[in-house]
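All of the numbers you see were taken from the coordinates with simple rules; none came from a lab. None of these values were measured; they are calculated from a predicted model. A quick note on method: Cβ atoms are made from the backbone with ideal geometry, for glycine too, and the neighbour counts reach across all protein chains shown.
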Amino acid sequence: MVISKNMENLVANSSVIRRLFEEGVELAAVVGKENVYDYSLGNPSVAPPAIVKQAIYNILDSKDPNFIHGYMNNSGYEEVRDAVAESLNKRFDTDFSRESIIMTAGAAGALNCILRVLLNYKDEVICFAPFFGEYRSYISNFGGETVVVPADTKTFQLNLDVLDDYITEKTKAIIVNNPNNPSGAVYSEETLDKLQVILEKAEARIGHPIYVISDEPYRELVYDGAKVPFMTKHVINCLVCYSFSKSLSLPGERIGYLAIPKQIDAYEEMQSALVVANRCLGFINAPSLFQLVAQQCLYEETDIETYDKNRQLLYNSLTEMGFECVKPQGAFYLFVKSPTEDEKIFVQEAKKHNLILVSATTFGCPGYVRLAYCVPYDMIERSLPAFKAVAETYFGDKK
């Protein structure tokens, strides 16, 4: 075997979602793209706002090409980091400075930098089910082990009642994704305050800090007046990972940032180590042009109406058919309880009707499936007869 054992395991467990997306493409070649209803991938269907295109033109026209396309401080352009810190301080009453911000290759880049800094071999990172399945790979990258706290399927808030049972001396971090992919839950201030109380007691017991990694690519995607609490206001040892992939529909540009509050334990040590991690992991620095673009788009509002229209149609239609669904408060995913105990059977049944759904076993929550509704509205409309046919398989004609 040429590749490393660790890489062999990563390849074997590579993204199920990506494979499903590829299956959808293959199926479309057989039955026609319009007859395939692919809910697999969280790829925004909303175009980037016009300000993004204009910002690119403005930057290319007004700045020295060597500046735009050259190296900069590994943390990112000073002017961009100043602007990000200022925007956070205005919005959330925080006290970030330029030194507290590292521009990264998306939230995934930020997450990998943090894990690179924190983890020794066999150290543990806690994830609350359901969680984004790629976290397992990120943790494994650095020899860590993923510890899964089972889902609270009544509320889909963090299952804090059992959290302390999963914290050991090997626990170095907890990843919290708010709003959550795949459930669409938004974790409340009450939940986060309770998390902090538990952590304080656990840290005293195990003798070292536990860092909470707040993964926030969906921060701006919330519905029905919901508010996403800013994590650092509730959890002391919190590092914030943000991506513009969803808010500005720029997933391929790989641009985001890492915010490091001065309140965390060992702030200076962590800050300097995270800058080095950004370099030694091979990112060197976040994409230069899109750092400058992001700076000009920090106050741009996300197109919530389009996603909300999709959310309402899909949620209302499926619940009327008899499916049990978690109504999303944020993000753009619908979490549906499988009508069979083994949701993989349900996924295969749906595929007979050209519906591509994602088994939630990959999210640590078997018995459910995820539907990404960041798709064209007319695709949802066209898919409803297929969902109806699947519903009749399980519920008969009662609905």
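How would the range 103-221 be classified by its alpha-carbon gyration tensor: rounded, prolate or oblate, with rounded meaning a/c under 1.5 and the a/b versus b/c comparison settling the rest?
Oblate, since a/c reaches 1.5 and b/c is not below a/b.
At a 10 Å Cβ-Cβ cut-off, how would you order His353, His234, His208, fewest neighbours first?
So the ranking, lowest neighbour count to highest, is His208, His353, His234.
Nearest 0.05, what FRET efficiency do Ser137 and Leu60 give at R0 = 56 Å with Cβ-Cβ as r?
0.95
If exposed means no more than 12 neighbouring beta carbons inside 10 Å and the site is in a DSSP loop, what's the longest run of the chain without any exposed GluC sites (Glu not before Pro)?
After excluding every exposed loop site, the longest remaining stretch is 1-168.
Determine the alpha carbon to alpha carbon distance for each of Lys327/Lys388; Lys309/Lys337; Lys194/Lys262; Lys122/Lys154 and list only those over 26 Å.
Lys122/Lys154
For the chain, modelled as a Gaussian network with Cα springs under 10 Å, which listed residue fluctuates most, Val52, Val176, Val11?
Val11
Short version: what are the Cα gyration tensor semi-axes of the range 57-146, square root of 5 times each eigenvalue, largest first, in whole Å?
Semi-axis lengths for the range 57-146 are 32, 17, 13 Å.
Looking only at the range 350-373, which residues have a backbone nitrogen under 20 Å from a spot 7 Å from the Cα of Thr319 in the C-beta direction?
It comes to 368-373, nothing else.
Report the charge-dipole magnitude of the range 84-159 in Debye, nearest 20, computed about the Cα centre from +1 at each Lys and Arg Cβ and -1 at each Asp and Glu Cβ.
Value, rounded to 20: 140 debye.
Taking the Cα centre of the chain as origin, sum charge times position over the Cβ atoms of Lys and Arg (+1) and Asp and Glu (-1), and report the length of that vector in debye to the nearest 20.
560 debye
Of the trypsin sites (Lys or Arg not before Pro) in the range 108-156, which ones lie in a loop per DSSP and count no more than 13 other C-beta atoms within 10 Å?
Lys122, Lys154
Relative to 2.2 N^0.38 Å, what does the C-alpha radius of gyration of the range 219-282 come to as a ratio? Two decimals please.
This ratio for the range 219-282 stands at 1.35.
I'd like to know how the chain sits against the 2.2 N^0.38 Å rule of thumb: what's its Cα Rg over that expected value?
1.00
Given charges of +1 on the Cβ of Lys and Arg and -1 on the Cβ of Asp and Glu, with all other atoms neutral, how large is the dipole of the range 19-146 about its Cα centre, in debye to the nearest 20?
Roughly 20 debye, rounded to the nearest 20.
What's the longest uninterrupted piece of the chain once you rule out the chymotrypsin sites (Phe, Trp or Tyr not before Pro) that are loop residues per DSSP with at most 14 other Cβ within 10 Å?
That gives 122-298 as the longest site-free run.
Just report the Cα centroid separation between the range 234-259 and the range 125-192, whole Å.
A separation of 18 Å, based on Cα centres.
May I ask you to list the lysines whose Cα is less than 26 Å away from that of Lys63, ignoring any residue fewer than eight positions away on the same chain?
Within reach: Lys53.
Hey, how many Å between the Cα centroid of the range 273-349 and the Cα centroid of the range 363-399?
Distance between centres, Cα-based: 17 Å.
For the range 233-264, run through the trypsin sites (Lys or Arg not before Pro) and keep only the ones in DSSP coil with at most 16 other Cβ atoms within 10 Å of their Cβ.
When the trypsin sites (Lys or Arg not before Pro) of the range 233-264 are filtered for loop state and at most 16 Cβ neighbours within 10 Å, Lys262 remain.
As an exercise, identify the trypsin sites (Lys or Arg not before Pro) in the range 49-87 lying in DSSP coil whose Cβ has no more than 16 other Cβ atoms within 10 Å.
Of the trypsin sites (Lys or Arg not before Pro), the ones in loops of the range 49-87 whose Cβ has at most 16 other Cβ atoms within 10 Å are Lys63.
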